[in-house]
Amino acid sequence: MREARAARELFWADAEARLLDPAVAHVIRDSKTPSGTVPVSSLRGPIITDALYRTFRRRGLRVRFVYTIDDYDPMDSQTMRQNEATREHMGKPFATIPSPDPAYAGDWADYHAGRFVATFADLGIRPEFFRMRDLYRDGKLDRAIDLVLRHAETIRGIHARVANVHHEEGWLPISMICERCGRIGTTIATGYDGETVAYECRPDYVTWADGCGNRGRLSPFKGASKLLWNEQWCAQWDYFGVTYEEGGKDLLTAGGSRERSNEIYRAVWRREPPAGLMHEFFLLGGRKMSTSKGIGASAHDMVALLPGEIIRFLMLRTPPRRALEFDPAGNTLPKLYDEYDRCADEYLRDPETDLAKAWWLAQLSADAQPIAFRLRFSLLADWLQIPSVDPHREARARKGSSLSELEDRELRRRLDVARSWLERWAPDEATFGIATDLPPLTLTDPQRAYLRGVAKLVGVIADPEAMQEELYEAAKRVGLVTPEGKVSKDAFAALYSALIGKPNGPRAGWLLTALDAPFVRKRLEDAAAA
RNA sequence: GGGCCAGUAGCUCAGCGGUAGAGCAGGGGACUCUUAAUCCCUUUGUCGUGGGUUCGAAUCCCUCCUGGCUCACCA
């Protein structure tokens, strides 16, 4: 009873660790097909896998983390077909398609995989990388190819039964690379004799690419062919000895691709397929995204913009099986930071709670500790908008002493993110920029007189403190005082309304002296006349 | 049609067996060596529906409703 309850309440990563036998060595694997620019959403898999890897190790398991670049797969994306430059390459392996930028990488696959994998370093993900083209060309998968060809009938039956895909008799579960046109997605192979197979590059074999009609007979080994998706998956499991592999729900759903591969693995390789949880998708933003300016939805843009811990935290604080809706617009980032800080506090209180583990797994290294003094993201965003505030000085004042090196670094990074946020994502109510046009106003006569009086000071008094002093005096002169003789709120409210469109704001003396004097004078006079 | 997930305060969500919570929004107040957007106080809930288990259910089990996503070609 107690046992059952403990199991149910286990943190997701710990629950997965329990599936693995501590007596044997393990391999956890993830992969990516470099078909084009990779969106942020694709980072959820690698980050979850890395979190599991870290958890497994912490719990004393012996484990390797293997990452494969599936760059021998054929180009089949419809968007590439619409593109004039890439149309002729439909059906070829990504590894043999020209690079969009030869200065950066030699071919299509290396270009896109390179840009994606480059983000891993900033995210603290350090797997062993393998390119499928190397495995094929070096003959590492030849044993698997031979195995698959000899069991073609079994595999054909599984495809028919589990996936309801019916291949013609004699069909072999590999794709030969056509010697004439270089396409791999358009060929059908038959007649394995133990050394060679016959193939035909058919014009109408698939809808997304046109074969050239060539026929031939070739050895399928040493990179001349590629296993089909499901069988290649099995071959990778077998070659690396994979014991754990999580995946997205597009693949892991019932009757889906993973189930097919599992069945083939059991039937042909006679091994038990890896365990692995299913993760839900990461959804980016609402419909208004497209109209927003310059929102970087690609993985490398996002990683350039946000610190690695924050991206990891974003991906990990929501349990994998739950969908993750993310839109950087609005108050998402301030809330994300608040939650991050809350989890850091939890970690200091009790590192074994779920929230604490989310924080720990978000860190780039396993031995990171929360920093003692930090400032709320939303507060920093406010500071950045107030001319009189120097965030670094203000931070020292808050702390009561100078910041440590780590604290200072964290402050700078938060300020950077806050600047980006204010610039492109912050909602109107979080910003208090100067209104570009005169805001709608309802002012009393004394307030109008006050604005006219202040307008005369602008450009004359340059010192913010002196200006602040004079603002009070000017208010008294026009009678904007309370019955107790104090300066009324209405005085400052008039100023803020005219400049910001809200009844309050940053200290007025600093605000007025920081802005362009002729602009302020005109604005105040316009407001007084309105 | 199969599968996964969600439905808790106006909004975003946390809680996952022991008297309903947070942030934001809303309301009230404080700050004149001098308005930070700071600080203090505060309202709001048939916890989607109907059953069941239990001394006790937002929490566990089943039914149903609603919404989102995904698979059923290829990779």
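Within the option set A:L403, A:L457, being at pLDDT 80 or above, surrounded by 14 or more Cβ atoms within 10 Å (Cβ to Cβ) and within 30 Å of A:A372 (Cβ to Cβ) holds for one residue only, A:L403. Within the stretch A:214-232, the set of residues being outside any loop (DSSP other than H, G, I, E, B) and open to solvent by less than 40 Å² (accessible area, probe 1.4 Å) comprises A:G216, A:S225, A:K226, A:L227, A:N230, A:E231, A:Q232.
Can you tell me which of A:G194, A:G211 is surrounded by fewer than 17 Cβ atoms within 10 Å (Cβ to Cβ) and either over 19 Å from A:R133 (Cβ atoms) or outside the structural domain of A:A163 (by TED's automatic domain parsing) (or both)?
A:G194
For the stretch A:65-122, residues that are farther than 29 Å from A:I311 by Cβ, aliphatic (A, V, I, L, M) and open to solvent by 10 Å² or more (accessible area, probe 1.4 Å) total 1. If only residues of the stretch A:367-391 that are part of a helix (DSSP H, G or I) and not hydroxyl-bearing (S, T, Y) are counted, the one that is farthest from A:W510 (Cα to Cα) is A:F377. Number of residues in the stretch A:328-370 that are of a type outside the set (A, V, I, L, M, F, W, C) and more than 10 Å from RNA strand B (Cβ to nearest atom) equals 17. Go over the candidates A:L277, A:L336, A:L316 one by one and state the one that is open to solvent by less than 50 Å² (accessible area, probe 1.4 Å), farther than 20 Å from A:D30 by Cα, touching a helix residue (DSSP H, G or I) at 6+ places or on another chain (Cβ under 7 Å) and modelled with pLDDT of 85 or more. Answer to the selection: A:L336. Quick one: what pairs do we get from the stretch A:63-76, first residue near RNA strand B (Cβ under 8 Å from one of its atoms), second open to solvent by less than 10 Å² (accessible area, probe 1.4 Å) and among the hydroxyl-bearing types (S, T, Y), C-beta under 9 Å, 6+ apart or different chains? Pairs that qualify, where the first residue is near RNA strand B (Cβ under 8 Å from one of its atoms) and the partner is open to solvent by less than 10 Å² (accessible area, probe 1.4 Å) and among the hydroxyl-bearing types (S, T, Y), are A:P74/A:T186. State yes or no: is A:A358 in a loop (DSSP other than H, G, I, E, B) and in contact (Cβ under 8 Å) with a residue 12 or more places away in the chain? No, not satisfied. Here A:E394, A:E352, A:E325 are screened, and the one residue that is more than 12 Å from A:R414 (Cβ to Cβ) and assigned to a helix (DSSP H, G or I) is A:E394.
The set of residues from the stretch A:429-454 being within 16 Å of A:L511 (Cα to Cα) and modelled with pLDDT of 85 or more comprises A:L451, A:V454. In the condition set (1) within 16 Å of A:P440 (Cα to Cα); (2) at pLDDT 80 or above; (3) more than 8 Å from RNA strand B (Cβ to nearest atom); (4) crowded, with 16+ Cβ neighbours inside 10 Å, A:G501 is compliant with all but (2). Anything in the stretch A:250-266 that is within 6 Å of RNA strand B (Cβ to nearest atom) and more than 17 Å from A:R44 (Cβ to Cβ)? List them, or say none. Residues satisfying the conditions are A:A254, A:G255, A:G256, A:S257.
With respect to (1) open to solvent by 40 Å² or more (accessible area, probe 1.4 Å); (2) modelled with pLDDT under 80; (3) not assigned by TED's automatic domain parsing to the domain that holds A:G479, the lone exception for A:I386 is condition (1).
In a residue-by-residue description of the stretch A:294-302, the property of being open to solvent by 40 Å² or more (accessible area, probe 1.4 Å), closer than 18 Å to A:R412 by Cα and at pLDDT below 85 applies to no position.
Just give me the residues in the stretch A:223-239 being under 18 Å from A:D73 (Cβ atoms) and not aliphatic (A, V, I, L, M), in sequence order. Spell out the reasoning first.
In the first step, residues of the stretch A:223-239 are kept if they are under 18 Å from A:D73 (Cβ atoms); the result is A:223-237, A:239.
A:G223, A:S225, A:K226, A:W229, A:N230, A:E231, A:Q232, A:W233, A:C234, A:Q236, A:W237, A:Y239 - these are the residues of the stretch A:223-239 that are under 18 Å from A:D73 (Cβ atoms) and not aliphatic (A, V, I, L, M).
Scan the stretch A:15-30 residue by residue and report those that are modelled with pLDDT under 95 and either within 30 Å of A:A85 (Cα to Cα) or within 15 Å of RNA strand B (Cβ to nearest atom) (or both). A:A15, A:E16, listed by residue number.
When A:L451, A:L443, A:L524 are checked against the criterion of being more than 10 Å from RNA strand B (Cβ to nearest atom), in a loop (DSSP other than H, G, I, E, B) and in contact (Cβ under 8 Å) with a residue 60 or more places away in the chain, A:L443 stands alone in meeting it.
The values are calculated or read from the model by the stated rules, or taken from the named source; none is laboratory data. Please read all numbers here as calculations on a predicted model, not as lab measurements. Cβ sites come from the backbone with ideal geometry, for glycine too, and all protein chains shown count toward neighbours. Note: accessible area is taken over every heavy atom of the protein model, side chains too, but ligands, DNA and RNA are not part of it. Shrake-Rupley method; radii C 1.70, N 1.55, O 1.52, S 1.80 Å.
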